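The values are calculated or read from the model by the stated rules, or taken from the named source; none is laboratory data. All of these numbers come straight from a predicted model, not from anything done at the bench. Note that each Cβ is placed from the backbone with ideal geometry, even for glycine, and that neighbours are counted across all protein chains shown. Remember, those area values only see protein heavy atoms, side chains included, never the ligands or the DNA or RNA. Shrake-Rupley method; radii C 1.70, N 1.55, O 1.52, S 1.80 Å.
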Amino acid sequence: MRVTQALIPTLREVPAEADTISHQLLLRAGMLRRVAAGVYTLLPLGYRVVQKIERIVREEMNRAGGVEMLLPIIQPAELWYESGRWNVYGPELFRLKDRHDREFCLGPTHEEVITDLVRQEVKSYRQLPLLLYQIQNKYRDERRPRFGLLRGREFIMKDLYSFDRDEEGLEISYRKMYEAYTRIFTRCGLTFRAVEADSGAIGGSDTHEFMVLADTGEAEIVYCTGCDYAADVEKAPCRAETKDVCEEMLDTELVATPGARTVREVAEYLNVTPDRIIKTLLYEADGELVAVLVRGDRNVNEIKVKNFLGVNQMEIALENESEERYGLPFGYVGPVGLKEKGVVKILADEEVMYLRNAAVGANRMGFHYRNVNPNRDFVVDNYGDFRVAEEGDLCPCCNQPLKMRRGIEVGQIFKLGTKYSKALGATVLDEQGNEIPIVMGCYGIGITRTMAAAVEQGHDEDGIIWPVDIAPFEVVIMAVNQRDSLQTEIAEKIYQDLRNAGIDVIYDDRTERPGVKFKDADLIGYPIRLVVGNRAITDNLLEIKLRSTGEIIYKEKGDAISYLREVLNRLRKDNNLT
Ligand code: 9G3
């Protein structure tokens, strides 16, 4: 490819709309443009990266026994009624009607459509196992689309569905996918970790997330320093340290705490540490008001609460809702007398049980109580594990302290079991002629998200540093002076030689100043830059620069190709698997 014939509109300035590094750099490198909120065009260079990731994914899915197909984006509502999910997903599901007023959605995922296919076409256990996959656009009407390709409303996903006759078969399919995912992200040149996760609303039991480690990631991962346990904080179980509480219960006092709403403010005002405060959060769970209590220095794990309650929708009650709808003064809510205010259920994290003489909100604007004791002063419906794990918590496997890192979820694998096959009636006949529900798994990779994650992980102040196997091109070649025919003749010749040698090369044939072309090369992040300058004419020497290290080497023209091959192999050595 020649730069003059492509569309690579690089930008010097950081676009105001860009809220993360990957978003900024993909826009600036001329790979991405916004069309609407959460909807993007992939320009030629961006699309090449996507195609390279897709190729790796295809190779590994096929190697694992997967078979590619293509399901429709438009899905009839009937299938979602059958699975029971049409009303589980609210505004996140893009819904539409045809001219006959029939309901459809744009596919956010394809469990329904594929299960419908399999129930019609597969009748015998002898046709199993089946691993069917596709790579396709998905649609989710996110409340807040942001971070560019990391949370779009339209995105590219690889989704594979496994169909087995029993749990044993599912276990094998699941393990194959786990291994394939490990190979894929390794080949993409990413630093990642597979972690235990929560299966959420999709149902099913086992699930792992594949996280690209990056400080800018939204997800938090805890991992053990003593064993190989690793989990999403949303999933990681917490145990309260059991202790004998012998502190004497004091008389409750009402104290004015004007202006002190947050735990920090209250702690300061009352001169206590945050772990002596009970924090009360209000949630609307399937239309009912629920309170969750945690120690002041902890955070509520909404996923754990949602799973415990078994509800579909759960939202925290914000300041105006708390005050206007329930008459509960935001920042001063507490468990004493809370049931009389319309709260249906009070849940408390186990640690709250061990608190004595704690401070809580008094349900009165500007007031807190001191010396409040669980069970004496308020009743909890259920104690349980409702808090978010933290660094230093003990590993659930080996009791060593946990550490924490941030990550970007690029893949997830689920054991679904028979949820969808039972709902839609996807069964096979076994050897005895019994009709048994097919046991399913589903396995996703965010292709466009993987691209963004690679940038979050690989960049410096000058631009992107692509792993060599997903870079838009492996090599960029340019002449220092595109108006110097001696230089361009050499550049042209090497460009053709590299192409013939099967090296993925782009020729920056613009008559720009060399500084401009150098800056663009760094911004776009080609792994290798090859420059033809005067030394190519006088000494037969080419300048070769590595993007990742900045290292510059001069090589004889005749040795350039074999040297580039060597460097490319070295760059990909760590990622290549046998
Ligand atoms: C929806 C909407 C959003 C969704 C879903 C359904 C997430 C939904 C979970 C999955 C699970 C797996 C196959 C590939 C791997 C992941 N968000 N999920 O089911 F209707 Cl609006 O998609 N699906």
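Note down the Stokes-Einstein diffusion coefficient of segment 473-573 in µm²/s, whole number, using a Kirkwood radius over alpha carbon pairs, 20 °C, and 1.002 mPa s. This corresponds to a translational diffusion coefficient of 161 µm²/s. A dipole drawn for the chain from +1 and -1 charges on Cβ atoms has a positive end, and of Val476, Pro329, Val266 the residue lying farthest that way is Val476. Accessible surface calculations at 1.4 Å, restricted to protein heavy atoms, place the chain at 45 Å² per residue. Over the residues of the chain, the helix contribution to mean residue ellipticity at 222 nm works out to -8000 deg cm²/dmol, using -39500 (n - 2.57) for each DSSP H run of at least 4. Counting only lysines at least 8 places from Lys422 when in the same chain, those with an alpha carbon closer than 21 Å to its own are Lys123.
Of the accessible area of segment 473-573, with the probe set at 1.4 angstrom, what percent is carbon plus sulfur? Don't jump to the answer; show the numbers that get you there.
On the way: 2100 of 4600 Å².
Roughly 46 percent of what the probe reaches on segment 473-573 is carbon or sulfur.
Based on the Cα coordinates of segment 338-429, what is the per residue volume of their convex hull in Å³?
Values: hull volume 24.8 nm³, N = 92.
So the per-residue hull volume is 270 Å³.
The C-alpha radius of gyration of segment 253-384, expressed as a fraction of 2.2 N^0.38 Å, stands at 0.96.
Under a point-charge model restricted to the Cβ atoms of Lys and Arg (+1) and Asp and Glu (-1), what is the dipole moment magnitude of the chain relative to its Cα centre, in debye to the nearest 20?
Working: 76 positive and 93 negative charges, 324 e Å.
Charge dipole, the chain, about its Cα centre: 1560 debye, nearest 20.
Tell me the carbon and sulfur percent of the accessible area for segment 253-384, rounded to whole percent, probe radius 1.4 Å. About 46 percent, which is the carbon plus sulfur part of the accessible surface.
Among the trypsin sites (Lys or Arg not before Pro) within segment 471-524, which fall in a DSSP loop and have no more than 13 other Cβ atoms within 10 Å of their own Cβ?
Values: sites: Arg483, Lys493, Arg499, Arg510, Lys517, Lys519; in loops: Arg483, Arg510.
Filter output for segment 471-524: Arg483.
Under the convention that each Lys and Arg Cβ holds +1 and each Asp and Glu Cβ holds -1, the size of the dipole of segment 223-317 around its Cα centre is about 200 debye.
For segment 51-87, chymotrypsin sites (Phe, Trp or Tyr not before Pro) are listed when DSSP marks them as loop and at most 11 other Cβ atoms sit within 10 Å of their Cβ; the list is empty. In the chain, the longest principal axis of the Cα atoms and the axis of helix 167-187 are about 50 degrees apart.
The peptide list 231-243, 358-370, put in order of mean Cβ contacts within 10 Å with the highest first, becomes 358-370, 231-243. Take every pair of alpha-carbon atoms less than 8 Å apart whose residues are at least six positions apart; their mean separation over the length of segment 473-573 yields a relative contact order of 28 percent. Size check on segment 57-107: the Cα extents along the three principal axes, sorted descending, read 43, 24, 19 Å. Normalised by the number of residues in the chain, the mean separation of alpha-carbon contacts (under 8 Å, six or more apart) gives a relative contact order of 17 percent.
Label separation (Gln496 vs Asn373): 9.2 nm, computed from points 7 Å beyond Cα along the C-beta direction. Taking the average, over residues, of other Cβ atoms within 10 Å as the packing measure, peptides 331-337, 450-456, 460-466 rank 450-456, 331-337, 460-466 from highest down. Between segment 406-463 and segment 504-549, the C-alpha centres lie 41 angstrom from each other. Computed from point charges on the beta carbon alone (+1 for Lys and Arg, -1 for Asp and Glu), the dipole magnitude for segment 253-384 about its Cα centre is near 380 Debye.
From the alpha carbon gyration tensor of the chain, can you work out the equivalent ellipsoid semi-axes (sqrt of 5 times each eigenvalue) and give them in Å, largest to smallest?
Values: eigenvalues 516, 210, 101 Å².
Value: 51, 32, 22 Å, ordered largest first.
Distance between the 7 Å Cα→Cβ label points at Arg143 and Asn271: 4.1 nm.
Please report the carbon-and-sulfur percent of the accessible area for segment 121-194; probe 1.4 Å, protein heavy atoms only, DNA, RNA and ligands left out. If you can, show how the numbers build up before the last one.
Working: 1470 of 3270 Å².
Accessible surface attributable to carbon and sulfur in segment 121-194 totals 45 percent.
Given R0 = 22 Å, the distance between the Cβ atoms of Arg356 and Asn299 translates into a calculated FRET efficiency of 0.50.
Pairs Lys243/Lys279; Lys52/Lys403; Lys138/Lys545; Lys306/Lys341: which exceed 32 Å Cα-Cα? Don't jump to the answer; show the numbers that get you there.
Details: Lys243/Lys279 20 Å; Lys52/Lys403 34 Å; Lys138/Lys545 39 Å; Lys306/Lys341 22 Å.
Long pairs (Cα-Cα over 32 Å): Lys52/Lys403; Lys138/Lys545.
Between Glu13 and Lys573, the FRET efficiency estimated from the beta carbon spacing at R0 = 30 angstrom works out to 0.20. Simple rule: put +1 on each Lys or Arg Cβ and -1 on each Asp or Glu Cβ in segment 1-150, find the dipole, and look at Val50, Leu106, Leu11; the Cα lying farthest toward the positive end is Leu11. Along the axis of the charge dipole computed for segment 88-242 (Cβ charges of +1 for Lys and Arg, -1 for Asp and Glu, origin at the Cα centre), the listed residues Met177, Leu96, Met211 are led at the positive end by Leu96. Using bins of 5 Å that start at zero, the share of Cα-Cα pairs per bin across segment 396-545 amounts to 2, 8, 12, 12, 11, 9, 7, 6, 6, 6, 6, 5, 4, 3, 2, 1, 0, in whole %. For Lys519 and Glu92, the FRET efficiency from 1/(1 + (r/R0)^6), where r spans their Cβ atoms and R0 equals 60 Å, is about 0.90.
Across segment 391-517, the mean sequence separation of Cα contacts (distance under 8 Å, 6 or more residues apart), normalised by length, yields a relative contact order of 16 percent.
By how many nm would the segment from Asn62 to Asn434 lengthen if fully extended, with 0.36 nm per residue of separation less the alpha-carbon distance? The partial results should precede the final answer.
Numbers: separation 372, 0.36 × 372 = 133.92 nm, distance 3.16 nm.
Length difference between fully extended and current span is 130.8 nm.
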